[in-house]
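> The structure is given below, and queries will be raised subsequently.
The values are calculated or read from the model by the stated rules, or taken from the named source; none is laboratory data. If you're wondering where the values come from, they're calculated on a predicted model, not measured in any experiment. Because the Cβ atoms are built from the backbone with ideal geometry, glycine has one as well, and the counts that use them run over all protein chains shown. Each accessible area value is taken on the protein alone, full model and side chains, heavy atoms only, with ligands, DNA and RNA left out. Shrake-Rupley method; radii C 1.70, N 1.55, O 1.52, S 1.80 Å.
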Amino acid sequence: MNKLIKGGRVIDPKNGIDGVLDVRIKGGRIAELGPGLAADAKEEVIAAAGKVVCPGFIDLHVHLRDPGYEYKEDIISGTRAAAAGGFTAVCCMPNTDPIIDTPAVAHYVLAKAAGQGVIPVLPFGSITRGAAGKVLTEMGAMAAAGCAGFSDDGVPVESAAVMRNALEYAKMFDLPIVSHSEERALSKGGLMHEGYFSTIYGLKGIPALAEELAVHRDIELARLTGSRLHLCHLSTAGSVALLRRAKAEGLKVTGEVTPHHLTLTDELLADFDTDYKVNPPLRSAADVEALIAGLNDGTVDAIATDHAPHHFESKDCEFELAAFGISGLETAVAAVMEYLVRPGRLSLPRMVELLSCGPAGVIKREGGSLSVGAAADICIIDPELSRIVDPAKFFSQGKNTPYKGRTLTGWPIMTIAGGRIVYEYSA
Ligand code: DOR
């Protein structure tokens, strides 16, 4: 059904639009933007006064756990969670079982998402077979199958030689290598950020250098090969500085930051709550400041969730034994709104950019704008809606959220993908 979204604050950073406008959707596409558009009899009118109307969000970093770990999440629950978070497309990580290391598994993900998901899923194929770090996958065949990039996320590619070859090969298909940059020799056995609080809490630390050494290596390999490198979940001041310098030097390097690294610190592990256990770990307050500065000065390209749903048994145990990861799709926007946008630390248009055309640019895909003729992928946010985070109400099967019980203000209330309403908030 055709729709007219009336009277919202339309923010479309790609097209430099920020004003009170109406948006007309016809045949699943954006048909017209303008003030005071008249509805025709066959259109569904969506009243959006006081709301923010923006391009649907694109998440570059989601673990859908399907195939193989459907007891943690699957493509149906994961895409519904994404829609509830305002996302109209997600890239999924290949650390499934089997790993997405052949065209067959990529086809499975694409077919299941097209048939049963509520939004499109773009798979990342793994860099190495079985993500074992040794032998490259058949990248050409996986690119042809529809993979949007390559990543061994969850584990780093330890060999610089393998990473160099991966960058060379990915370049032939103009796809990014999406790097989980971690020097395991430094991080192994670590449970939280290494610093004052790891000492006080008595937990083995993961130094910032474990990330920064690997980020530096990967940037130098991107320089050597001239290939596209995307850096996942940057969490330290040093990593942001390295990305800033690489960009100034003209390298094809991009980077993402997660909502949890932007809004939470290592100090919060005081209660040994395993929902705060994530890799890379929550860092120091100074690191958080540097990440926010990176958003504001254009260094960081995207906010990505690293949605990592886990079964409760993987979290309801001793801190040391608990799995790393945060279920992040449904709280991403509200957390950034509450802790960054509302206190004036990040502008609303910049937040929208980091969630829409920013990530679209990283994977060089259409989307992330309200251009006339583009697919009608739209998120409507109520900036004044306050909700207490209740994981029991998540669409995601992963209830592992550090935001549980917190009141956050500013939530997606409607998500439209290809002109269809795929999520609508009801109190
Ligand atoms: O916290 C994390 N969880 N970090 C990762 O790198 C992997 C992810 C997962 O798959 O659970």
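> I need a count of the residues in the stretch 170-184 that are closer than 13 Å to Ser151 by Cα and more than 16 Å from the ligand (Cβ to nearest atom).
Of the residues in the stretch 170-184, 3 are closer than 13 Å to Ser151 by Cα and more than 16 Å from the ligand (Cβ to nearest atom).
> If you don't mind, another one. Name the single residue that is farthest from Ser314 (Cα to Cα) among those in the stretch 276-290 being within 16 Å of the ligand (Cβ to nearest atom) and part of a loop (DSSP other than H, G, I, E, B). Give the derivation first.
Step one: filter the stretch 276-290 for residues within 16 Å of the ligand (Cβ to nearest atom), giving 276-283.
Checking the rest, the ones that are also part of a loop (DSSP other than H, G, I, E, B) come to 277-283.
Details: Lys277: 11, Val278: 12, Asn279: 15, Pro280: 18, Pro281: 17, Leu282: 19, Arg283: 22 Å.
Of everything passing the filter in the stretch 276-290, Arg283 is farthest from Ser314 (Cα to Cα).
> Which of the residues spanning the stretch 305-358 are in a loop (DSSP other than H, G, I, E, B), over 18 Å from the mean Cα position of the chain (by Cα), small (Gly, Ala, Ser) and within 28 Å of Thr96 (Cα to Cα)? Spell out the reasoning first.
First, the residues of the stretch 305-358 that are in a loop (DSSP other than H, G, I, E, B): 305-306, 308-311, 316-325, 327-331, 342-347, 356.
Among the residues that remain, those that are also over 18 Å from the mean Cα position of the chain (by Cα) are: 311, 316-323, 342-345, 347.
Now narrow it down to the ones that are small (Gly, Ala, Ser): 322-323, 344, 347.
Passing the criteria: Ala322, Ala323.
> Restricting attention to the stretch 291-302, and to residues there that are part of a helix (DSSP H, G or I) and surrounded by fewer than 21 Cβ atoms within 10 Å (Cβ to Cβ), which single residue is farthest from the ligand (Cβ to nearest atom)?
Checked the stretch 291-302; the qualifying residue farthest from the ligand (Cβ to nearest atom) is Asn296.
> I need every pair where a residue in the stretch 168-189 that is within 13 Å of Phe324 (Cβ to Cβ) has its Cβ under 7 Å from the Cβ of a residue that is assigned to a helix (DSSP H, G or I) and at pLDDT 95 or above, sequence separation at least 6 or different chains.
Close Cβ pairs satisfying both conditions: Glu182/Ala210; Glu182/Glu211; Glu182/Ala214; Ser187/Ala210.
> Got at least one residue in the stretch 150-158 being free of Cβ contacts under 8 Å to residues at least 60 places away in the same chain, surrounded by fewer than 23 Cβ atoms within 10 Å (Cβ to Cβ) and over 22 Å from the mean Cα position of the chain (by Cα)?
Checked the stretch 150-158: at least one residue is free of Cβ contacts under 8 Å to residues at least 60 places away in the same chain, surrounded by fewer than 23 Cβ atoms within 10 Å (Cβ to Cβ) and over 22 Å from the mean Cα position of the chain (by Cα).
> Among (1) over 30 Å from Ala335 (Cα atoms); (2) buried (at least 18 other Cβ atoms within 10 Å of the Cβ); (3) of a type outside the set (Asp, Glu), there is one condition Gly130 misses while meeting the rest; what is its number?
The one condition Gly130 does not meet is (2).
> I'd like the full set of residues that are open to solvent by less than 60 Å² (accessible area, probe 1.4 Å), touching a Gly at 6+ places or on another chain (Cβ under 7 Å) and under 30 Å from Leu268 (Cα atoms), limited to the stretch 159-194.
Within the stretch 159-194, Val178, His180, Gly190, Met192, His193 meet the criteria.
> Ok, one more. Quick one: count up the residues across the stretch 85-97 that are open to solvent by 10 Å² or more (accessible area, probe 1.4 Å) and more than 15 Å from the ligand (Cβ to nearest atom).
Residues flagged as open to solvent by 10 Å² or more (accessible area, probe 1.4 Å) and more than 15 Å from the ligand (Cβ to nearest atom) within the stretch 85-97 amount to 1.
> For the stretch 12-50, enumerate the residues that are within 26 Å of Glu330 (Cα to Cα) and crowded, with 22+ Cβ neighbours inside 10 Å.
Asp12, Pro13, Val23, Ile25, Ile30, Ile46, Ala48, listed by residue number.
> Right, next: Among the strands (runs of 3 or more DSSP E) confined wholly to the stretch 33-84, which include 2 or more residues that are under 23 Å from Phe124 (Cα atoms)?
57-62
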